[in-house]
Amino acid sequence: MGGLDVVAVGELNPDLILSGMAGLPRLGQEILAERCVFALGSSTALCAANLAALGLSVGIVGKVGHDAFGEFVLSRLRECGIDTGRVIRDASVRTGITVSLAYPEDRAMITFAGAMARLGAGEVDLQYLASARHLHVSSFFLQQDLQPGCTDLFRRAKARGLTTSLDPAWDPAETWGAGIDDLYALVDILFVNRAEAVALGRDPDWRAAARLLGKRVSLLVVKGGPEGASVIRGEDWQDYPGFSVEAVDPTGAGDAFDAGFLFGFLAGWPPGSCATWGNACGAMTAAQPGGSGAFTSRADVEAFIRSRAGSGD
């Protein structure tokens, strides 16, 4: 596949999503879930799937095992129209999985990393990367083998004329290092949520942390869920309100936001329009279970935004 819009590099795994629980489980006890969904997971794959749903040509680079989970992920990606020709199948590792306890307000996750931690930057085909307009990397802190070469990967992408984005996500070790500081100068867009902004900006107030972090990257986007998003470029700070929906499952909402924002960015839209689309894609995803599939076309998102115009959202 030539002439790709986006190459996404990162972790690949399914999600087992449980929802409809009354409270959190405790050791030695058992609670019941009302719903269970086995679906495509991983921030990289979910962002890629949503970009493809919006009509962009997308390729993905990652690693899975020779197992049922890996085959499931590949099958779902192909159904989404994503090029999987550079996904590595490695019999020496097992495909990872995330178990997500989804509540309307947020979620708790347990992840077995498996193959998602074993993709090295040297395994990324640079000619394939150069066929795209944009490089997106998600879940930086989960990808241990990618971390040492990630700066060079971004540098090579920039040298080939690609724009770049990074959504590092949560750091399970909570050290917030792994060389991420070296990436800031090479990233066109850094996506974080408020908790991640606090950790990376090293200030307990998310706005103060975001101001510090915003001085280190070209464009910082802080996701606030139903409260919308903040876009910081240097000293300029703009808040864009979210859309009110009845949240069912927040799984994948942040990844859908990334896709909506990147869709606008690659179309040359101003940041405010990008943020509106990001907020819309995130809200639509949170309103249904499963992490992806809330919209299947650009027209779906346009219709959602039109339906909320003048409603106070």
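The values are calculated or read from the model by the stated rules, or taken from the named source; none is laboratory data. Keep in mind it's a predicted model, so treat the numbers as computed, not measured. Cβ placement follows ideal geometry from the backbone for every residue including glycine, while neighbour counts extend to all protein chains displayed. Calculation scope for accessible area: heavy atoms of the full protein, side chains included, ligands and nucleic acids excluded. Shrake-Rupley method; radii C 1.70, N 1.55, O 1.52, S 1.80 Å.
Set the Förster radius R0 to 45 Å, insert the Cβ-Cβ distance between residue 307 and residue 110 as r into 1/(1 + (r/R0)^6), and round the FRET efficiency to 0.05. Working shown, then result.
On the way: r = 36 Å, r/R0 = 0.81.
So, using R0 = 45 Å, E works out to roughly 0.80.
Ignoring ligands, DNA and RNA, what percent of the accessible area of the chain is carbon or sulfur (1.4 Å)? All intermediate terms of the calculation are to be shown ahead of the outcome.
On the way: 6690 of 13040 Å².
Here carbon and sulfur together make up 51 percent of the probe-accessible area.
Could you give the nm distance between label points at residue 216 and residue 79, where each point is 7 Å from its Cα heading toward the beta carbon?
Roughly 4.0 nm, to one decimal.
Given the C-alpha atoms of region 111-225, compute the convex hull and give its volume per residue in Å³.
Values: hull volume 11.8 nm³, N = 115.
So the per-residue hull volume is 103 Å³.
For the chain, set up a GNM with springs between Cα atoms under 10 Å and report which of 271, 25, 250 has the largest fluctuation.
The residue that fluctuates most here is 25.
If you count only protein heavy atoms with a 1.4 Å probe, what accessible area per residue comes out for the chain, rounded to a whole Å²? Intermediate values should be presented prior to the final figure.
Details: 13040 Å² over 313 residues.
So the chain comes to 42 Å² accessible per residue, rounded to a whole number.
Assigning unit charges at the beta carbon (Lys, Arg +1; Asp, Glu -1) and nothing else, what dipole magnitude in debye, to the nearest 20, does region 1-109 show about its Cα centre? Please report the intermediate quantities before stating the final value.
Details: 9 positive and 12 negative charges, 35 e Å.
Using Cβ point charges on Lys, Arg, Asp and Glu, region 1-109 gives about 160 debye.
Looking at 159, 232, 250, which one has the Cα that reaches farthest to the positive end of the dipole of region 124-259 (charges on Cβ: Lys, Arg +1; Asp, Glu -1)?
159
Which of these, 116, 284, 21, has the largest mean-square fluctuation under a Gaussian network model of the chain (Cα springs below 10 Å)?
The residue with the greatest mean-square fluctuation here is 21.
Counting only residues 5 or more places away or on other chains, whose amide H sits under 5 Å from the amide H of residue 57 once H atoms are built in the peptide plane?
Distant-sequence amide H within range of residue 57: 5, 6.
With no solvent and one equal point scatterer per Cα, compute the Debye intensity ratio I(q)/I(0) for region 192-241 at 0.30 Å⁻¹ and report its log10, rounded to two decimals.
Cα-only, vacuum Debye calculation for region 192-241: -1.17.
Would you mind classifying region 26-118 by shape? Square roots of the alpha carbon gyration tensor eigenvalues, ordered a ≥ b ≥ c; an a/c under 1.5 is rounded, otherwise it is prolate if a/b is larger than b/c and oblate if not.
Details: a/c = 2.51, a/b = 1.45, b/c = 1.73.
Oblate is the answer for region 26-118, as a/c is 1.5 or above yet b/c matches or exceeds a/b.
Counting residues in the chain as N, plug N into 2.2 N^0.38 Å and put the Cα Rg over that result. Can you show the working numbers first?
Working: Rg = 18.2 Å, N = 313, 2.2 N^0.38 = 19.5 Å.
After normalising by residue count via 2.2 N^0.38 Å, the value is 0.93.
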